[in-house]
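**Q** Here's a structure for you.
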Amino acid sequence: MREESEVAMIGNVATMALVGVLVAVSLCSCASGAGGEPGGAPPARSLKDAFAGRFHVGAALGGGLFREPGQPTLGLVARQFGTISPENVLKWGPFNPRSRVYNHEGADAFVKFGRRNGMFVVGHVLFWHSQTPDWVFEDSRGKPIGREALLKRMRERVRHVASRYRKHIDAWDVVNEAILDNGKMRKSKWLEVLGDGWIEDAFRIAGEELPRSTKLLYNDYSMTMRGRRDAVVRLVRELKRKKIRIDGVGMQGHWSLGGPRIRDIEKSIVAFHEAGVDVHITELDVDVLPRKAGMWGADVAKRLEGDPTMDPYRDGLPEEMQRKLAKRYADLFGLFLKHSDKIERVTFWGVTDRHSWLNNWPIKGRTNYPLLFDREGRPKPAFDAVINVARDSAEAVKTR
Ligand code: GLA
């Protein structure tokens, strides 16, 4: 579905090219209260400049953005963001769908774009239970392989990406989503073949094969759930005790208008930092649509059938909801600034509302508004709110 919506966008290229220009213009005037200070440097109107010196701000890029004629969305990314993550091109399945068959094209273009723009480039993801092809766990006759054979395949994967992108990828999500809400290990083929210590195996291999300068992260959703938070803290401490490298924890940040509470997010940021690693907010978006109980989190295996009451904003987001979204984002970035000594990066999962995965999950084909840029790439009130939080904080520092 994501690909389809990207294709639909190509039909709008002329509009988008124009919008690219308009975005540049509107960015100079939209941030209410962000006019030039007499005699001073004009305040920042890009996210990357607004938070410079505090943390990187970035976005995840879908492969389709590279195929847009004129690449208007990539233009917006280059102006606004200082770090990028790939939505899919470096995952095991899309990157290496069959043994010894590699799709380098998409990943190469992604990495090149980041380098050309002097960005902090993130690799996502080395090992995950989803989007990993069956062949990884099977021999040539389709029979399950054992521990040693699987460890060898994992090492080959890391060696391959290390040899191709060694100098160009600054951080890797080494393991994604291996721990459940209650702190137990998620059932997966990794767990089946390698046993309880599989996260440790993964980090040992990554630490041995990737340069010291590459940040190695554990990444997961619902990191404010107590069971998962405590388990991740234990994991970090255990790896450190064994001198296995782990540099950061990624909190995905697939959140909503109402939850999780700021103070619970804060608890996790502080807990991970105290365990001795940096925090990365890795997949930030704020869902504004209704969900049924039990559907929070970001378990991609869960899906629901829709009914029209679950898709109330097909014709646009009412002003009151825009305000709520802006307030939620202001609160989140206020928290991130408060803890900017612990946070290395904040990455949105997507660039504009048009491309967000939340248009298709957990219900397909809805109209969602989770990001800072609207479907045409124009900044929303939530963008202004985030810029204003940065400006107010810089003012506070100046007058201290
Ligand atoms: C998880 C993964 C991402 C992405 C999203 C849904 O959060 O980490 O790679 O697949 O789900 O788009």
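The values are calculated or read from the model by the stated rules, or taken from the named source; none is laboratory data. From a predicted model like this one, the values you see are computed outputs, not experimental measurements. When we count neighbours, we look across all protein chains shown, and the Cβ atoms used for this are built from the backbone with ideal geometry, even at glycine.
**Q** Right, Ile199: within 16 Å of the ligand (Cβ to nearest atom), surrounded by 16 or more Cβ atoms within 10 Å (Cβ to Cβ), of a type in the set (A, V, I, L, M) and over 19 Å from Ile84 (Cβ atoms) or not? Reasoning before the result, please.
**A** Working: within 16 Å of the ligand (Cβ to nearest atom): yes; surrounded by 16 or more Cβ atoms within 10 Å (Cβ to Cβ): yes; of a type in the set (A, V, I, L, M): yes; over 19 Å from Ile84 (Cβ atoms): yes.
Yes.
**Q** Another question, if that's okay. Would you confirm whether or not region 301-312 contains a residue that is crowded, with 20+ Cβ neighbours inside 10 Å and either among the basic types (Lys, Arg) or within 16 Å of the ligand (Cβ to nearest atom) (or both)? Can you show your working first?
**A** Initially, region 301-312 is screened for residues crowded, with 20+ Cβ neighbours inside 10 Å, giving none.
Looking for residues that are crowded, with 20+ Cβ neighbours inside 10 Å and either among the basic types (Lys, Arg) or within 16 Å of the ligand (Cβ to nearest atom) (or both), one finds none in region 301-312, hence no.
**Q** For residues in region 361-400 being of a type in the set (Gly, Ala, Ser) and surrounded by fewer than 21 Cβ atoms within 10 Å (Cβ to Cβ), which is farthest from Leu289 (Cα to Cα)? Please lay out each step first, then the result.
**A** Going through region 361-400, the residues of a type in the set (Gly, Ala, Ser) turn out to be 365, 377, 382, 385, 390, 393-394, 396.
Pick out the ones that are also surrounded by fewer than 21 Cβ atoms within 10 Å (Cβ to Cβ) and you get 365, 393-394, 396.
Values: Gly365: 12, Ser393: 30, Ala394: 33, Ala396: 35 Å.
Among those that are of a type in the set (Gly, Ala, Ser) and surrounded by fewer than 21 Cβ atoms within 10 Å (Cβ to Cβ), it is Ala396.
**Q** Given the criterion modelled with pLDDT of 95 or more and within 16 Å of the ligand (Cβ to nearest atom), identify the matching residue among Pro72, Pro86.
**A** Numbers: Pro72 fails: within 16 Å of the ligand (Cβ to nearest atom).
None of the others qualify; the one that does is Pro86.
**Q** Next question. Kindly establish whether Arg366 is within 19 Å of Gly258 (Cβ to Cβ), modelled with pLDDT of 95 or more and more than 16 Å from the chain's Cα centre (by Cα).
**A** Values: within 19 Å of Gly258 (Cβ to Cβ): yes; modelled with pLDDT of 95 or more: yes; more than 16 Å from the chain's Cα centre (by Cα): yes.
In short, yes.
**Q** Can you say whether Asp353 is under 27 Å from Pro290 (Cβ atoms), more than 20 Å from the chain's Cα centre (by Cα) and crowded, with 20+ Cβ neighbours inside 10 Å, as far as the supplied structure shows? Walk me through how you get there before you give the answer.
**A** Numbers: under 27 Å from Pro290 (Cβ atoms): yes; more than 20 Å from the chain's Cα centre (by Cα): no; crowded, with 20+ Cβ neighbours inside 10 Å: yes.
So Asp353 does not fit the description; no.
**Q** So which residues in region 202-260 are away from the ligand (no atom under 16 Å from the Cβ) and of a type in the set (S, T, N, Q)?
**A** Of everything in region 202-260, those that are away from the ligand (no atom under 16 Å from the Cβ) and of a type in the set (S, T, N, Q) turn out to be Ser213, Thr214.
**Q** Another question about this same structure. Within region 343-370, how many residues are more than 13 Å from the ligand (Cβ to nearest atom) and either without any contact (Cβ under 8 Å) to a residue 40 or more places away in the chain or among the aliphatic types (A, V, I, L, M) (or both)?
**A** Final tally of qualifying residues: 5.
**Q** Could you please tell me which pairs satisfy a Cβ distance under 9 Å, a separation of 6+ or placement on different chains, a first residue in region 118-147 that is on the phi > 0 side of the Ramachandran plot, and a second residue that is within 16 Å of the ligand (Cβ to nearest atom) and modelled with pLDDT under 95?
**A** Gln131/Val300
**Q** Inspect region 91-110 for any residue being within 29 Å of Gly53 (Cα to Cα) and away from the ligand (no atom under 16 Å from the Cβ) and give the result as yes or no. Give the steps one after another, and end with the answer.
**A** If we filter region 91-110 for residues that are within 29 Å of Gly53 (Cα to Cα), which is where we start, we get 107-110.
Among the residues that remain, those that are also away from the ligand (no atom under 16 Å from the Cβ) are: 108-109.
Within region 91-110, one or more residues are within 29 Å of Gly53 (Cα to Cα) and away from the ligand (no atom under 16 Å from the Cβ).
**Q** Filter region 97-138 for residues that are farther than 26 Å from His280 by Cβ, in a helix (DSSP H, G or I) and aromatic (Phe, Trp, Tyr) and give the result.
**A** Trp135, Phe137
**Q** Of all residues in region 164-188, which are within 22 Å of the chain's Cα centre (by Cα) and more than 16 Å from Tyr218 (Cβ to Cβ)?
**A** Tyr165, Arg166, Lys167, His168, Ile169, Asp170
**Q** Further, regarding this structure: Go through region 261-291 residue by residue and tally those that are on the phi < 0 side of the Ramachandran plot and more than 16 Å from the ligand (Cβ to nearest atom). Steps first, answer last, please.
**A** Quick first cut of region 261-291, residues on the phi < 0 side of the Ramachandran plot only: 261-275, 277-291.
Filter again for more than 16 Å from the ligand (Cβ to nearest atom), leaving 261-275, 277-279, 288, 290.
Qualifying residue count for the region: 20.
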